[in-house]
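Below is one structure, written out as structure tokens; the observations come after it.
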Amino acid sequence: MNLHPGHAHLRIEVGMKPGSKGRRILPVFFSALPFLLISGPRGLASIPPTHPRSPSIRVLLKTEVPEVLLSGLSLELHSAQRTVRFDGESAWRLRCERGRIRVRMGSSQYSVSDPVTVSSQAGLRWEGRAVREKLRIYTSRKGRGCELVNELDLEDYLVGVVNGEFSSRWHEESISAQIIAARTYAFHQLKRARSRLSHYDVEAGTGDQVYAGAESEDLRARELVRRTRGQVLVARNGPGAPIKAFYHSTCGGITEGADRVFGERAPGIAGGVRCRYCTTSPRYRWSFEVPAAELATLLGFRIRDLKVTARWESGRARSLEFSDVSGRLKRMPAAEFRHRIGAERLRSTAFEVTRLGSGAFRFEGRGNGHGVGMCQWGAKEMGEQGTHHVQILSHYYPASQIRRVW
Ligand SMILES: [Zn+2]
């Protein structure tokens, strides 16, 4: 299938046979040599870390929780007004209303202004699930109920990201690459949140990166996090700040620039990286159909036709044009259209669209996700082919290098 005839380089990727993957290893190795020399073990050791220890990260676990049930041994509840400690096992129920938090344990009850910080000497649990270090409870900034923020060591947080975003069963080089990307992204978001005086650094869901919690941790994930401890990606020739290390499920053949998807410059990230490794992804190619009536509901107007009027160099759709039933034309950026249809259905903006006889529209595309930064299925395959994690990172983030920051 030739999706985008206007882009010769993309045709090569699309036509690639899985059996030809191995030939890529040698060029990648040589192109990664400068990266290895700068970032390899000796290079890392020669530059002292910039931070004495790993920072704590504040992870927004959930919002609008009607009641928070906390339990554990030697729990301590701390607020601006009072600190309560219970030696032995106890369970506490917290409810949040209009800036106040009502705390109840057995028959005793009190009310304090938010936030409340809860910690335990041994084993804090929320709804029976283990939670690391501290939970800070706020009254929801939007809507009702409580907002839960888990404060924990950033390295421990990464152990809980491994089985949320990928899997500790993958090849260790693939996981190491993923961990360094996830650490870099988390550290970038942390710095940004602190400069904005936000009360949390990252969300636990897909808005940032999926933190599956303390109960998802396993020994393999912990060991691989330990091996790359403190290593982040920084922009080559930059001031040494962590890059916003975007990554996504499946690029489908070529990555995209951050400015084209998010409208923001991301130093150290370059689009246009070719990838022939993600062909094993179940979303390498996809298609789906939407009835015209459903499209009208999602868009707010009935359409007669829909076409892609502009594409980026990668072949991804840039803008779309709709003609409604009275012949009027409307335009919309492809990224916005994807958001309206639902990112889990319109898997990427690399698609062709055709109108069927029934009036429905058929989308045929490649890849899954925004396409910026590292392709996770590509990194998985590269690791399985025996590629070192530093080479995997240099392939997907060619404008960056690794630095140890703690
Ligand atoms: Zn890919």
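Restricting the first residue to the stretch 265-280 and requiring it to be closer than 24 Å to Ile243 by Cα and assigned to a strand (DSSP E or B), which pairs with a second residue that is within 15 Å of the ligand (Cβ to nearest atom) and not acidic (Asp, Glu) meet a Cβ separation below 6 Å and a spacing of at least six or different chains? From the stretch 265-280, the pairs are Arg274/Ile254. Listed conditions (1) surrounded by fewer than 20 Cβ atoms within 10 Å (Cβ to Cβ); (2) at pLDDT below 95 are all met by Phe166, apart from (1).
Taking the criterion of being among the charged types (D, E, K, R), away from the ligand (no atom under 13 Å from the Cβ) and modelled with pLDDT of 95 or more, would at least one residue in the stretch 364-382 satisfy it? Scanning the stretch 364-382 turns up at least one residue that is among the charged types (D, E, K, R), away from the ligand (no atom under 13 Å from the Cβ) and modelled with pLDDT of 95 or more. Looking only at residues of the stretch 319-341 that are in a loop (DSSP other than H, G, I, E, B) and touching a residue at least 12 places away in the same chain (Cβ under 8 Å), we find that the one that is surrounded by the fewest Cβ atoms within 10 Å (Cβ to Cβ) is Gly327.
How about the stretch 90-129: which of its residues are aliphatic (A, V, I, L, M) and surrounded by 15 or more Cβ atoms within 10 Å (Cβ to Cβ)? Steps first, answer last, please.
Taking the stretch 90-129 first, the residues aliphatic (A, V, I, L, M) are 91, 94, 101, 103, 105, 112, 116, 118, 122, 124.
Across the stretch 90-129, the qualifying residues are Ala91, Leu94, Ile101, Val103, Met105, Val112, Val116, Val118, Leu124.
When Arg229 is tested against the conditions (1) away from the ligand (no atom under 16 Å from the Cβ); (2) crowded, with 22+ Cβ neighbours inside 10 Å; (3) under 29 Å from Gln385 (Cα atoms); (4) charged (D, E, K, R), the lone failure is (2).
Being in contact with a Pro (Cβ under 8 Å, 6 or more places away or on another chain), surrounded by 13 or more Cβ atoms within 10 Å (Cβ to Cβ) and touching a residue at least 40 places away in the same chain (Cβ under 8 Å), is that true of even one residue in the stretch 289-310? Full working, then the answer.
Step one: of the stretch 289-310, the residues in contact with a Pro (Cβ under 8 Å, 6 or more places away or on another chain) are none.
Among the residues of the stretch 289-310, not one is in contact with a Pro (Cβ under 8 Å, 6 or more places away or on another chain), surrounded by 13 or more Cβ atoms within 10 Å (Cβ to Cβ) and touching a residue at least 40 places away in the same chain (Cβ under 8 Å), which makes the answer no.
Restricting the search to the stretch 235-264, which residues are of a type in the set (A, V, I, L, M) and not in a loop (DSSP other than H, G, I, E, B)? Talk me through it step by step, then tell me what you get.
From the stretch 235-264, those of a type in the set (A, V, I, L, M) are 235, 241, 243, 245, 254, 258, 261; that's our starting set.
If the condition is that a residue be of a type in the set (A, V, I, L, M) and not in a loop (DSSP other than H, G, I, E, B), then Ala235, Ile254, Ala258, Val261 are the ones that fit.
The values are calculated or read from the model by the stated rules, or taken from the named source; none is laboratory data. Only a predicted model underlies this, so the values are computations on that prediction, with no experimental measurement involved. Every residue, glycine among them, receives a Cβ derived from its backbone with ideal geometry; neighbour counts consider all protein chains shown.
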